[in-house]
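Okay, so here's the structure we're looking at.
Any read-out appearing in this document is the output of simple, stated calculations on the displayed coordinates, not a laboratory observation. Values in this document were obtained by computation on a predicted structure and should not be read as measured data. Because the Cβ atoms are built from the backbone with ideal geometry, glycine has one as well, and the counts that use them run over all protein chains shown.
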Amino acid sequence: MSKVDDIKNLKRQQKTITPTQVLVESVGNENNVVSNEENNQERKEEKKIERKRVSFDLRIDLHKELKMQSILQEKNVYLLIEEAVEKYLSELKGKDQM
């Protein structure tokens, strides 16, 4: 039994690293602290915006890229989607006016 216990203890001591942790460490914690505080200030200053919960299917590769960008930009996924939709709609309006 001691051999099994030794193996279990070794497994418990192993450090597991998630992809999110790797990204955060490679970006740099010092810069993230400042930008997190700035982002929080901007969000507090924003007006309360009513939102509608939606559900839709998205390709897996797009979802992964969206999550990665969310981590890198330190924004929620829904904010990235809102920005993309706003940009798309403004481009459509610009084309309609031509």
- prompt: Fully extended, how many nm does the chain gain between Lys67 and Gln97 (0.36 nm per residue separation, minus their Cα-Cα distance)?
  reply: 7.4 nm
- request: Find the all-direction average of the projected area of the Cα convex hull for region 52-98, expressing the result in square nanometres with one decimal place.
  value: 4.3 nm²
query: Where the only charges are on Cβ atoms (+1 Lys, Arg; -1 Asp, Glu), what is the dipole of region 52-98 about its Cα centre, to the nearest 20 debye?
result: 120 debye
